[in-house]
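Written below as structure tokens is the structure these notes are about.
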There are 2 protein chains.
Amino acid sequence: MKTRSTPTPDATTTDDAAKPKAAATDRTFAILELVASASGPLAVKTIGATLGLPKPTAHRLVNSLIEKGLLARDLETRDVIIGVEAARLAVGILRASLSRAPVRSVLRAVSAELGETCNVGVLDGGDVVYLDRVEVEHWPLRLQFGVGSRVPMHCTAMGKLFLATLPDAMRSRLLASGPFSAQTAHTLTDPDALAAELQRIAARGYALDDEEYVVGVFCVAVPILSSTGRTVAAIAVQAPKVRLSHDRVEQVLPVLRRGAEALSAQFG
Amino acid sequence: MKTRSTPTPDATTTDDAAKPKAAATDRTFAILELVASASGPLAVKTIGATLGLPKPTAHRLVNSLIEKGLLARDLETRDVIIGVEAARLAVGILRASLSRAPVRSVLRAVSAELGETCNVGVLDGGDVVYLDRVEVEHWPLRLQFGVGSRVPMHCTAMGKLFLATLPDAMRSRLLASGPFSAQTAHTLTDPDALAAELQRIAARGYALDDEEYVVGVFCVAVPILSSTGRTVAAIAVQAPKVRLSHDRVEQVLPVLRRGAEALSAQFG
DNA sequence: TTCAGCGTCTCATTGAGTGAGACGTGACGC
DNA sequence: GCGTCACGTCTCACTCAATGAGACGCTGAA
């Protein structure tokens, strides 16, 4: 019944499923998803061709996304890239998706088993954003690093973990954007020393922060992997060094890894 | 320009804000963002009330988002929570926005050191476009000049900087395209005065905006050079004049220049 | 100059979106 | 049991926003 009087002669291949309806919203989300999953900037022409959109329609929808800030243009090539608003939305989405009851309990369980403060974070715009956090006591750091706060990449366990698992090109670009501020006497500020540390991290699959960001605080982070094996987030435990240090790392790793595995479903 | 010839008889009271527009896509994104930024599950009623949507419309849009998997229902309460597809989309977005991260982190470092709002912009079609921005507080200007917004050339620090470094032919062409609107009492509207200012800027290598665009706002911009020495972008700091004015220029310049140098590698 | 490939603009067409109102339902309170 | 209230669902006529073919313009290559 939905068969339009479309003058498509061939009934073999494109008999239907093509035109019955065209919802602007659906196509808009399809564009956003396409740009988000693309490996680089996309030409509008490519977007239109991929999604089967007429030329003016593709431009109209892309421009409306650009107006909202969800997409942007590469000003050299006029290609389409993801926008800053999209990143903001994405952080909100991941935060909200972690606050769902079944997931919440994962972090709680990990924290309870370790007896220390744990958190989940992702990489956004060159630093680490905490998506969720479970605390075990009220220590001074509490307010500074709550959910939504941002910490640097080069001197935190999560940050170094993300750096270590990034594609080579992106890692070098980020390392080139330093200098890195010395937060404590232990902070790795030398690019070469940092690069060596990142190699160690990539090799063993977890990262440590030994008073590199806050004096007296030790931290262990392991990756949360997507179904494709990519590091999309991380889970970490942090505690005063008197209670958590190198000698306990082997002990906390399995607990963190179990939590990471349980959470990975949340991130696709 | 959006003023339709709506046959609304009374033009006095309900001149706007009533019906003129209702875009399904906009409202859909607004719902998604609302759910993503909410602290917990939301009732559809709440969503509708918050966004000012009629009851059936709110349900229709929410349900269409649920069909896409971007939202989901809390099985106990029927409330709306974020969906698994949204999380997948979010991960893709953050990954795609990684290419902005190097610029971001430089900008953040500069902004942190200066304690003021900083942004990076380029010239596009006779306007300055903000590529990225890091804010230090929430002041009224925030929404007006976000990322992607365009500001005039003749009355902003970045714009004058670009004008000053343009090839002579193009500069005269743009100057001839005046007259220039007087945004404030300080705006340079006279082409000759503007030309003189541009010469000063070219000579000393940075530009100032002393309440020329917004009353009470002072701004300093330095160029970001490509490997060939061409000005391809600019980095600027802007602040209320009570906190930033001529006496602090010499103080902020080295910080901006260091940031510009770090960024030039990213634009080269 | 010609040509080709893209982006932009116009505009008649139409169907997707809209929202007031009616109706169904389930949870209380007494 | 039976109002009452609050939400969700359904209906449907209206209409405005989205649509997309086609024409046009720009830019860069041959």
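The values are calculated or read from the model by the stated rules, or taken from the named source; none is laboratory data. No experiment lies behind these values; they were computed from the predicted model shown. With ideal geometry, Cβ positions are generated from the backbone for all residues, glycine too; neighbour counts draw on all protein chains shown. Ligands, DNA and RNA are excluded from the accessible area calculation, which covers all protein heavy atoms including side chains. Shrake-Rupley method; radii C 1.70, N 1.55, O 1.52, S 1.80 Å.
Structural remarks
- Every condition in (1) charged (D, E, K, R); (2) modelled with pLDDT of 90 or more; (3) within 28 Å of A:T156 (Cβ to Cβ) is met by A:D79 except one, and the failing one is (3).
- Residue match in region B:24-33 (condition: within 8 Å of another protein chain (Cβ to nearest Cβ), in contact with a strand residue (DSSP E or B) (Cβ under 9 Å, 6 or more places away or on another chain) and at pLDDT 90 or above): yes
- You will find that of B:L188, B:L175, B:L123, the residue that is open to solvent by 20 Å² or more (accessible area, probe 1.4 Å) and part of a loop (DSSP other than H, G, I, E, B) is B:L188 and no other.
- Among the residues of this structure, B:F162 does not count as one that is farther than 15 Å from B:G121 by Cα, open to solvent by less than 10 Å² (accessible area, probe 1.4 Å) and at pLDDT 85 or above.
- Under the condition of being within 10 Å of chain B (Cβ to nearest Cβ) and farther than 23 Å from A:A164 by Cβ, the residues counted in region A:104-125 number 0.
- Test result for B:R204, within 30 Å of B:S99 (Cα to Cα), open to solvent by 30 Å² or more (accessible area, probe 1.4 Å) and of a type outside the set (S, T, Y): no
- Residues satisfying the stated conditions in region B:74-109, i.e. touching a residue at least 24 places away in the same chain (Cβ under 8 Å), more than 16 Å from DNA strand D (Cβ to nearest atom) and among the charged types (D, E, K, R): B:R100, B:R104, B:R108
- Residue check, A:L53 more than 11 Å from DNA strand D (Cβ to nearest atom) and assigned to a loop (DSSP other than H, G, I, E, B): no
- Candidates are the residues of region A:76-102 that are assigned to a helix (DSSP H, G or I) and among the basic types (K, R); the one that is nearest to A:A58 (Cα to Cα) is A:R88.
- Qualifying residues in region A:69-97 (those that are within 7 Å of another protein chain (Cβ to nearest Cβ) and surrounded by fewer than 19 Cβ atoms within 10 Å (Cβ to Cβ)) - the one nearest to A:T25 (Cα to Cα): A:G69
- Among the residues making up region B:99-140, those that are small (G, A, S) and more than 19 Å from B:C155 (Cβ to Cβ) are B:S99, B:A101, B:S105, B:A109, B:S111, B:A112, B:G115.
- Only one of the numbered conditions (1) surrounded by fewer than 19 Cβ atoms within 10 Å (Cβ to Cβ); (2) closer than 30 Å to B:G259 by Cα; (3) within 14 Å of chain B (Cβ to nearest Cβ) is not met by A:H154, and that is (1).
- Top-ranked residue of region A:39-68 - restricted to ones that are in contact with a strand residue (DSSP E or B) (Cβ under 8 Å, 6 or more places away or on another chain) and closer than 26 Å to B:I82 by Cα, ranked as most open to solvent (accessible area, probe 1.4 Å): A:I66
- Criterion: of a type in the set (K, R), modelled with pLDDT of 90 or more and either assigned by TED's automatic domain parsing to the domain that holds B:L34 or over 14 Å from the mean Cα position of the chain (by Cα) (or both) - qualifying residue of B:R100, B:R88: B:R88
- Where a residue in region B:23-34 is assigned to a helix (DSSP H, G or I) and its partner, wherever it lies, is near DNA strand D (Cβ under 10 Å from one of its atoms) and open to solvent by 40 Å² or more (accessible area, probe 1.4 Å), with Cβ under 6 Å and at least six apart: B:T25/A:A24
- Where a residue in region B:44-73 is among the aromatic types (F, W, Y) and its partner, wherever it lies, is within 13 Å of DNA strand D (Cβ to nearest atom), with Cβ under 9 Å and at least six apart: none
- Selected residue (only one of A:A234, A:A239, A:A193 is within 27 Å of B:V103 (Cα to Cα), open to solvent by less than 30 Å² (accessible area, probe 1.4 Å), not in a loop (DSSP other than H, G, I, E, B) and not β-branched (V, I, T)): A:A234
- Of the residues making up region A:197-216, those that are of a type outside the set (S, T, N, Q), in contact (Cβ under 8 Å) with a residue 12 or more places away in the chain and under 18 Å from A:F180 (Cβ atoms) number 12.
- Among the conditions (1) in a helix (DSSP H, G or I); (2) more than 19 Å from B:L107 (Cα to Cα); (3) within 14 Å of chain A (Cβ to nearest Cβ), the only one that B:I201 does not satisfy is (3).
- For region A:242-268, taking the residues that are surrounded by 16 or more Cβ atoms within 10 Å (Cβ to Cβ) and not in a helix (DSSP H, G or I), the one that is modelled with the highest pLDDT is identified as A:L244.
- Pairing each residue of region A:172-184 that is within 9 Å of chain B (Cβ to nearest Cβ) and more than 11 Å from A:P152 (Cβ to Cβ) with any residue that is among the charged types (D, E, K, R) and part of a helix (DSSP H, G or I), provided the two are 6+ apart or on different chains, yields C-beta distances under 9 Å for A:S177/B:R104; A:P179/B:R258.
- The set of residues from region B:98-108 being aliphatic (A, V, I, L, M) and open to solvent by less than 10 Å² (accessible area, probe 1.4 Å) comprises B:A101, B:V106, B:L107.
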